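See structure below.
The values are calculated or read from the model by the stated rules, or taken from the named source; none is laboratory data. Keep in mind it's a predicted model, so treat the numbers as computed, not measured. Please note: Cβ atoms are built from the backbone with ideal geometry, for glycine as well, and neighbour counts cover all protein chains shown.
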Amino acid sequence: MQLSILLLLSFSAIVLSQAPSKPAPPPFLNGLSNDAKREFGAIASNKKITRLDLRNKVYEWADKYGVRSGVEDYLTKKNKAKADQRARIQAAIDNLPGAYKTLNALGDDDSLTQEDADSKIKQTLAGYTWELKELLRLAGPGNQGRKPGSTPADAA
């Protein structure tokens, strides 16, 4: 269980580090006045209120500017994307032990030539999701003992 949590945190750090530094503004802001955009920015950046209060304030703002359906569409898509990402990561975590054993067995199989082993490993990896391959990369040779998010150069 602790390994799963560590791997999830490591994987999340990778995903977040690959995200663009500044996300595009939500599409419901298109066509609104600068005042409306500033007002939205002030609401959205308020870190001192609960998420429920934040959502309610955003809906009040959206009603004021006639963009509630755009906000609801945006939040629906955002929540679906988050749920899909969590499901992919959980599936990768669930499949990690078996995949790790399979790849180690191929790598340790003395009855194979190196060429055959490489080919079988490549073929096996081709059937894995990107998320599972990233977890395997983190758990693979050269990464043991490294802190999550570090690079091989950091270990030198």
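Assorted remarks:
- Only one of Ala99, Ala36, Ala42, Ala81 that is small (Gly, Ala, Ser), assigned to a helix (DSSP H, G or I) and farther than 21 Å from Lys22 by Cα: Ala99
- Only one of the numbered conditions (1) of a type in the set (Gly, Ala, Ser); (2) touching a helix residue (DSSP H, G or I) at 6+ places or on another chain (Cβ under 6 Å); (3) at pLDDT 95 or above is violated by Ala91, and that is (2).
- First in segment 40-60 and more than 18 Å from Pro27 (Cα to Cα), second anywhere and part of a helix (DSSP H, G or I) and of a type outside the set (A, V, I, L, M), Cβ under 9 Å, 6 or more apart: Asn46/Asp53; Asn46/Lys57; Ile49/Lys57
- The single condition among (1) modelled with pLDDT of 95 or more; (2) within 14 Å of the chain's Cα centre (by Cα); (3) hydrophobic (A, V, I, L, M, F, W, C) that Leu54 does not meet is (2).
- Enumeration of residues in segment 20-42 that are of a type in the set (Ser, Thr, Tyr) and under 27 Å from the mean Cα position of the chain (by Cα): Ser21
- Looking only at residues of segment 106-115 that are surrounded by fewer than 17 Cβ atoms within 10 Å (Cβ to Cβ) and within 17 Å of Ala126 (Cβ to Cβ), we find that the one that is modelled with the highest pLDDT is Glu115.
- One residue from Asp110, Asp94 being assigned to a loop (DSSP other than H, G, I, E, B) and under 23 Å from Gly140 (Cα atoms): Asp110
- Segment 20-33: number of residues that are assigned to a loop (DSSP other than H, G, I, E, B), at pLDDT 95 or above and among the hydrophobic types (A, V, I, L, M, F, W, C): 1
- From the options Ala117, Ala99, Ala87, Ala81, residue that is free of Cβ contacts under 8 Å to residues at least 40 places away in the same chain, in contact with a Gly (Cβ under 7 Å, 6 or more places away or on another chain) and not β-branched (Val, Ile, Thr): Ala117
- Of the residues contained in segment 73-81, none is found to be among the basic types (Lys, Arg), farther than 19 Å from Thr124 by Cβ, surrounded by 13 or more Cβ atoms within 10 Å (Cβ to Cβ) and at pLDDT 95 or above.
- Total residues in segment 61-76 satisfying the condition of being under 11 Å from Phe28 (Cβ atoms) and among the basic types (Lys, Arg): the figure is 1.
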